[in-house]
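Reading through the structure tokens given below for one structure.
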Amino acid sequence: MTVLTTATVVIPAYNARTTIDEQLDALERQTYDRPFEVLLCDNGSTDGTAAHVAARPRCEAYELRVIDASATPGASYARNTGASVARGEFLAFCDADDKVSPMWLEALVDGVRRAEAVAGTLVTSDVNSPRVRAWREAPPRDALQEWWKFLPVLTGASFGVTAAAYRAVGGFDESYRSGGEDTDLAFRLQLAGFGLTHARDAETAYRLRPTRRGLWHQSVMCGRGDARLYADYRSYGMPRRHPVMTMDVIALVLLRNPLLPKLITRLDRGRWVFFAGNLVGRVWGSVENRVFYV
């Protein structure tokens, strides 16, 4: 059993002035009964995020520090910069535009009794409209997500890990600039012998992309990241996507596209954008990584 006495919450932020207060307020309501610190890692914001957070009134629940993480663009760099100056034995990660539940930190820390890394739970019902929620499937709440026929994964928006394990594997790989960096970290932790478990009560209200344009860019990015992951982990046994899965997506994109009447397609345009963007991203990623992962 691992017993930890200190915790650090790391939040990467870029132009998050309009959303960060909701997250910081949520962290003030944590049921975690020991002192902890919160690091706002500003990744070169131009909207005054750092100054806005620095001017917040002091709270009793945690110590808030603003960290300059602007030298390199990307959430991975911001997270690693925060982790490098963290005082906690346990590192908890969340995003600047989401909202953690009161039991979030307590549940993550408690999960270390079972494994060195702990995946939280994402809930999309609280901060997204029904229309936006329909564009993507809700993530599972009762178990770890798993990469098909490979290893469990976690999401950078809600997870925790012992500082020792995080540093042992070198933290986030900052060369992952097109998605997949959190899955890569989960794989490296497990391949290094560290455990990964799930904390159902560590809920985070996860904000989805509210426009189809934003969803397209995110889906393409995730597809590129998937192909990069396959290039990096096929030697460890990661399988290529099953041909039936590929053909199903291609058929959906072609035969249920928005140019056809919705009476025929019976598919929301946002849902189509999600699948089409992901397919384009996997093709793009396959080309740039010299693999076939479509």
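The values are calculated or read from the model by the stated rules, or taken from the named source; none is laboratory data. Keep in mind it's a predicted model, so treat the numbers as computed, not measured. Every residue, glycine among them, receives a Cβ derived from its backbone with ideal geometry; neighbour counts consider all protein chains shown. Surface accessibility is based on the protein's heavy atoms, side chains included, excluding ligands, DNA and RNA. Shrake-Rupley method; radii C 1.70, N 1.55, O 1.52, S 1.80 Å.
Results, tabulated for the structure shown:
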quantity	calculated
Filtered residue count, region 114-158, keeping only those that are in contact with an Asp or Glu (Cβ under 9 Å, 6 or more places away or on another chain), under 18 Å from residue 193 (Cβ atoms) and not in a loop (DSSP other than H, G, I, E, B)	2
Residue in region 212-241 that is nearest to residue 131 (Cα to Cα), counting only those that are open to solvent by 70 Å² or more (accessible area, probe 1.4 Å) and without any contact (Cβ under 8 Å) to a residue 24 or more places away in the chain	213
Selection status of residue 45, polar (S, T, N, Q) and touching an Asp or Glu at 6+ places or on another chain (Cβ under 8 Å)	no
Qualifying residue in region 1-8 (condition: more than 22 Å from residue 175 (Cβ to Cβ) and at pLDDT 95 or above)	yes
Residue in region 68-86 that is part of a strand (DSSP E or B) and more than 19 Å from residue 28 (Cα to Cα) present	yes
Qualifying position, being charged (D, E, K, R), modelled with pLDDT of 95 or more, surrounded by 15 or more Cβ atoms within 10 Å (Cβ to Cβ) and over 22 Å from residue 127 (Cβ atoms), among 79, 17, 87, 65	65
Some residue of region 103-110 being open to solvent by less than 50 Å² (accessible area, probe 1.4 Å) and either over 21 Å from residue 204 (Cβ atoms) or in a loop (DSSP other than H, G, I, E, B) (or both)	no
Residues (charged (D, E, K, R) and farther than 14 Å from residue 269 by Cα) located in region 210-233	224, 226, 228, 232
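Every residue, every condition in (1) open to solvent by 30 Å² or more (accessible area, probe 1.4 Å); (2) not hydroxyl-bearing (Ser, Thr, Tyr), yes or no:
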| site | (1), (2) |
| --- | --- |
| 12 | no, yes |
| 26 | no, yes |
| 38 | no, yes |
| 41 | no, yes |
| 49 | no, no |
| 52 | yes, yes |
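Let's see how each residue does on (1) under 19 Å from residue 157 (Cα atoms); (2) in contact (Cβ under 8 Å) with a residue 60 or more places away in the chain:
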{"site": "34", "(1), (2)": "no, no"}
{"site": "48", "(1), (2)": "no, no"}
{"site": "59", "(1), (2)": "no, no"}
{"site": "67", "(1), (2)": "yes, no"}
{"site": "77", "(1), (2)": "yes, yes"}
